[in-house]
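What follows is one structure encoded as structure tokens, with my remarks underneath.
Every read-out reported here was derived from the displayed coordinates using simple, explicitly stated rules and does not represent laboratory data. Computed from a predicted structure; not experimentally measured. Note that we place each Cβ from the backbone using ideal geometry, even for glycine, and neighbour counts take in every protein chain shown.
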Amino acid sequence: MKNTNEATDASHYKYIGTRSIRPDGFEKVTGRANYGADLSLPGMIWGKMLRSPHAHAMIKSIDISKAEALAGVMAVVTYNDFPSVSSEIVATGEGTEDLLDLARNLMADGKVLYHGHAILGVAAISRQIAEQALALIDVEYEVLPAVLDVRDAMAKDAPVLHEKMYTEGLAETPNTASNVASVVELKKGDVDAGFAQADVIVEREFYTPTVHQGYIEPHACTVRYDEHGQSMVWCSTQGHFDVRATTAKLLHMSLSKLKVIASEIGGGFGGKTTVYLEPVALLMSKKSGRPVKMIMDRDEVFKASGPGSATRNWIKIGAKNDGTITAMQGKLHYEAGAFKGSPARLGGMTAFTPYDVENMFVECYDVVVNKPKVAAYRAPGAPQAEYAAEMIVSELAARLAIDPIDFRLQNAAKEGTKTIYGPKLKRVGLVECLEAAKNSPHYQQALKENQGRGVSSGFWFNIGGSSSVTLNMNRDGTGTIVEGSPDIGGSRASMQLMAAETLGIAAESFKTIVADTENIAHNDGTGGSRTTFATGMAVVEAAKDVIRQMKERAASVWNVNVDVIDWVDGVAINVGGSEKLSAAEICATADRTGGQISGQGNINARGAGPSFAVHICDVEVDKETGKVDVVRYTAIQDAGKAIHPSYVEGQYQGGAAQGIGWALNEEYVYNDKGILQNPGFLDYRIPLASDLPMIETVIVEVPNPAHPFGVRGVGESGIIPPLAATAYAVSDAINAPITDLPCSPPNVLAVIQANS
Amino acid sequence: MARVIFPDEIEKLIGENNLMVDARVFRDVVTELIGRYPELKESSLDKMAVAIDDVIVVDPLLEPINSDSDIYFFHFVTGG
């Protein structure tokens, strides 16, 4: 692994940039860590959902009498058990969602909209009895035709999912319902004028399938409703404050009456930023008077949690013979699943952001189909749009006989580049990433027969947001960092290192805990690569608060003004004399000097840490079978400053692995009636370790001016380039254009045969 | 006067893609916009991301605005 630190001199950091032992490692490898399904309570019962066997149907009647009569059944919950909610846009971990849609996704309101849509829930004294009860429920359906693709959904005579949904964003308000929830345009300059200047223009439509985040731990929770006091939810989530806010809103509860505890989390990647079980489990608990545990089966995770959008995206790019891109245009169609709210606009905002081009225009369509409501998936919306754009960029470079990295360098976004969504970029590291890619040993290596190479860029915003941290100092000078950001990618270690660097106290002296919603002020969820950036800033603020108090205590001990106290390497120094007091000495006597010492850092992090990535992929294609093997892969990305390089490399490798899976094999397979055919890891093929070479990584460090240590988020950008890097490598190997993902053996073989 | 630049969805609503406002903090911007265009609701502006002089700020109520500031509204950005 190479660390290309071109812009910073990190040698002055003592703790940041070191590879400290991960604090949660021992618990996780020994099985002691407690995940979503690991909490059991006295008297606890089990909840299970009845799910739709149809993709689109009216519910004519439901008969629960036999289920209710079954011994051991404690509660049956339907949509009618929820308090009434109306259409209202609310902030959730997903950004914003319509509260009514959220309720109707939890449980169908008279109409099922996808295979696996929840119809009701049963709680019983055992999981087996709950499942037996589900089998006793009679539901009468009127099956409706399903739409499973944006083309079908946008057809003139398409079955409409929502009779009161009218397309937003049109010049004139339509008077007929549509499956197109919204149309949004983003523009910069004049694309017609830009294309008129171009010597070469390439345009194609690309398809990306529905894909799942593939987190290993299923959704799970244990809850206890207490109508007189404090209700509790224990769950696997990326944002327990968001779970609390959404659940409380849906159940008309006060935030103070609901405590949410985040368990350890076995992967989320954006898919655990909303609720599927928790409000239902609380209603079961309320009805039965018992604690309730719910665990999704893998089958349910695929059918009824939120996957990433399938898309059909048309891209057109023009360039001059000298390699200057003159115009970029896109028409993006994103499946939202059964309810509006795909990341189409984020696709439009990111598709062309790696390029400093005067003329851009993107239309973004948010389209509902009879599939589960999509959820965020690492850089939501960006991989699909940037895939299409990067494929065209590579094809243009080939047509112009320009090296694909040189072509990107010639047109690369940099500080001062105006984005299509408005503001100009601050200091960013795309050029440094491209140069690192060009100079990498990988790029110098020659290809062999039947091999091809692809290069791709990727961009994500990495917005800050709200984070709260308390740093409690112990009497021996050690400390506990209390944060509210669930640790998915190693943030506890990063928080330790940032506290240690700020205070000048060894990282091992700190323990980081993720507190529940009662023990720390609000935190936005762990998502959007915001945690090391924003919660890290809160840690720095809390540590600075501790230093301020330490200096005040030392001044009071020495009876001098605090202005003459300096703080160096964890020691207070009287610069007017020779006295010194260490943090441990100050903490040991804190009761005598004013009480225990605790620092606070409650911030709304300004700015963002945009990160660019550049990936190189070499593949070898078996032209008789269409099978693709990735033979070498390098992920290069700007981390700003890698607080813990091992975790940063892990993020790069994980993003690359998921993106390669998206490019090569992963897809939801539905039959023509909308029934999901592959809801399990045997048939939904994520890459295994044996499928991939070692993912080589290069950490580029161009410091983010908006962060005290220069941090940029690193979790999102790395999943964007693999789609085009891999697919273009396949295209290069078979000398034929690839447009549709995945590049699975039958699909690749079909392209080979069509072009032979 | 600070310049406010709108995304497509607000432009379609009010018929303008940018306008000038006299504001000291971001709250003044919102008050001015809603005063001029009652069809713009505070709640819908609240749900958008904002960049003030190219710095993205979530929930920027009291963020200072300079007389030559550029204020961009755009789609709320989250992540995975």
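A few points about this structure:
- Nitroxide proxy distance, nm - points 7 Å out along Cα→Cβ at B:Glu11 and A:Asn602: 4.0
- With only Cα atoms counted, segment A:478-625 has Rg and Dmax values of 20.7, 85 Å.
- Spherically averaged projected area of the convex hull of Cα atoms, segment A:199-320: 10.3 nm².
- Set A:Lys60/A:Lys286; A:Lys414/A:Lys544; A:Lys331/A:Lys623; A:Lys60/A:Lys249 screened for pairs whose C-alpha atoms are more than 31 Å apart: A:Lys414/A:Lys544; A:Lys331/A:Lys623
- Straight-line cross-link partners of B:Lys41 among the aspartates and glutamates, defined as a Cα under 18 Å from its Cα and at least 8 positions apart when in the same chain: A:Glu88, A:Glu97, A:Asp98, A:Glu168, B:Asp8, B:Glu9, B:Glu11, B:Glu16, B:Asp28, B:Glu32, B:Asp59.
- Protection proxy ranking, peptides A:279-286, B:50-57, A:389-396, average beta carbon neighbours within 10 Å, highest first: A:279-286, A:389-396, B:50-57
- Descending semi-axes in whole angstrom, ellipsoid equivalent of segment A:449-523, from the Cα gyration tensor: 35, 18, 11
- In Hz, Karplus ³J(HN,Hα) per residue of segment A:178-195 (6.51, -1.76, 1.60; θ = phi - 60°; x = Gly, Pro): 8, 7, 8, 6, 7, 10, 10, 10, 10, 8, 7, x, 10, 5, 4, 5, x, 5
- Note on A:Ser646 and A:Glu172: with the Förster distance fixed at 51 Å, the Cβ-Cβ geometry gives a FRET efficiency of about 0.35.
- Exposure proxy ranking for A:Met165, A:Met328, based on other Cβ atoms within 10 angstrom of each Cβ and starting from the fewest, stands as A:Met165, A:Met328.
- Note: relative contact order over chain A, using C-alpha pairs below 8 Å and six or more positions apart, is 16 percent.
- Residue-averaged beta-carbon neighbours from other chains (10 angstrom radius) around B:47-54: 5
- Potential lengthening between A:Leu447 and A:Glu579 on full extension [0.36 nm per residue; Cα-Cα distance subtracted]: 40.9 nm
- Each eigenvalue of the Cα gyration tensor of segment A:340-424, multiplied by 5 and square-rooted, gives one semi-axis; in descending order these are 27, 16, 10 Å.
- Kirkwood hydrodynamic radius (C-alpha pairs) into Stokes-Einstein, segment B:1-62, 4 °C and 1.567 mPa s, D in µm²/s: 109
- Packing rank of A:71-84, A:600-613, A:663-676, A:345-358, where each peptide gets the mean count of other beta carbons within 10 Å, highest leading: A:345-358, A:600-613, A:663-676, A:71-84
- Calculated mean residue ellipticity, 222 nm, the protein assembly as shown: -8000 deg cm²/dmol, from DSSP H runs (n ≥ 4) at -39500 (n - 2.57) each, averaged per residue and rounded to 500.
- Inter-site label distance for A:Ile675 and A:Ser126 at 7 Å from Cα along Cβ, in nm: 3.0
- With 0.36 nm allotted per residue and the present C-alpha distance subtracted, the A:Val564-A:Glu508 stretch has 17.2 nm of extension available.
- Average beta carbon contacts from partner chains per residue of A:602-610, 10 Å cutoff: 3
- Ordered by the count of other Cβ atoms within 10 Å of each Cβ, fewest first, A:Trp662, A:Trp558, A:Trp46, A:Trp460 give A:Trp558, A:Trp46, A:Trp662, A:Trp460.
- Rg/Rg_ref, segment A:271-380, where Rg_ref = 2.2 N^0.38 Å and atoms are Cα: 1.53
- Vicinal HN-Hα couplings computed from phi for segment B:46-54 (Karplus, 6.51 cos²θ - 1.76 cosθ + 1.60; Hz; Gly/Pro x): 4, 8, 9, 7, 9, 10, 10, 6, 6
- By other beta-carbon atoms within 10 Å, ranking A:His115, A:His162 with the fewest at the front produces A:His162, A:His115.
- Separation in nanometres of the label points that stand 7 Å from Cα toward Cβ, at A:Asp138 and A:Ser65: 0.8
- Among A:635-641, A:147-153, the order from most to least packed when residues are scored by Cβ within 10 Å on average: A:635-641, A:147-153
- Sites A:Ile21 and B:Met20 - FRET efficiency at Förster radius 45 Å, r taken between beta-carbons, to 0.05: 0.20
- Relative contact order of chain B, taken over Cα pairs closer than 8 Å and 6 or more residues apart, is 39 percent.
- Where Rh is the Kirkwood radius over Cα pairs, Rg/Rh for chain A: 0.99
- Built amide H within the under 5 Å cut-off of A:Arg606, gap 5+: none
- Residues in segment A:728-734 carry Karplus couplings, in order, of 5, 4, 5, 4, 5, 6, 9 Hz; the curve used is 6.51 cos²θ - 1.76 cosθ + 1.60 with θ = phi - 60°, and Gly or Pro positions show x.
- Residues whose amide H comes within less than 5 Å of that of A:Val702, counting only those at least five positions distant or on another chain, are A:Ala639, A:Gly640 (H built at 1.01 Å from N in the peptide plane).
- Percentage relative contact order, segment A:165-283, counting C-alpha pairs under 8 Å, at least six apart: 22
- Here the gap between A:Asp406 and A:Lys257, fully extended at 0.36 nm per residue and compared with their Cα-Cα distance, gives a gain of 47.8 nm.
- Cβ-derived FRET efficiency at R0 35 Å, A:Asn439 paired with A:Thr96, nearest 0.05: 0.25
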